[in-house]
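Visitor: A single structure is presented below for examination.
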Amino acid sequence: MKHGRKLAKLGRPRALRKALLRGLATSLFKHGRITTTLPKAKGLRPYAERLLTHARRGTLHARRLVRRAISDRIVLAKLFNEIAPKYKERNGGYTRILRIQNRLGDNATQAIIELV
């Protein structure tokens, strides 16, 4: 059954949505916290947590799976060498979403997504 498998479309076709999530995940792992719109942050959370769960394993296969999404080698090395060991004992819940004030131009709901 496909219960609870619905993804946020974010107003983009599949290829552009995947590219957006890859870019957001790369920025999140590079900087530790990013500011974006609330729907993008909510869409990024399961994607980034899945990548971090793979990185926690630290195997060659896990590295190749994460490499599909994170193309920046420096960020990939940081994820496996610095970020993943911090969460070795944690069972999920690696990110936190905090709502902030709306964007001035279009009143879009803004959020900060950060690594816990």
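Visitor: Could you tell me how many degrees, from 0 to 90 and to the nearest 10, lie between the Cα long axis of helix 14-31 and the main elongation axis, the longest principal axis, of the Cα atoms of the chain?
Guide: 70
Visitor: Any idea what the dipole of the chain comes to, in debye rounded to 20, about its Cα centre with Lys/Arg Cβ at +1 and Asp/Glu Cβ at -1?
Guide: Values: 29 positive and 6 negative charges, 110 e Å.
So the dipole magnitude of the chain works out to roughly 520 debye.
Visitor: Let me ask another. Divide by every residue of the chain the summed helix terms, -39500 (n - 2.57) for each DSSP H run of at least 4, and state the resulting mean residue ellipticity at 222 nm, rounded to the nearest 500 deg cm²/dmol.
Guide: On the way: 4 runs with 54 residues, N = 116.
So the helix-based figure for the chain works out to -15000 deg cm²/dmol.
Visitor: For a bin width of 10 Å, list the pair-distance distribution of the chain built from all Cα-Cα distances, rounded to whole %.
Guide: For the chain, the pair-distance distribution reads 13, 43, 33, 9, 1.
Visitor: Expressed as an acute angle from 0 to 90° and rounded to the nearest 10, what is the orientation of the C-alpha long axis of helix 60-69 relative to the principal long axis of the chain?
Guide: It is inclined by approximately 20 degrees.
Read-outs: derived from the displayed coordinates by stated rules, not from any lab. As the structure is a prediction and not an experimental result, all values here were calculated from the model. FYI the Cβ positions are ideal-geometry reconstructions off the backbone, even for glycines, and counts take in every protein chain you see.
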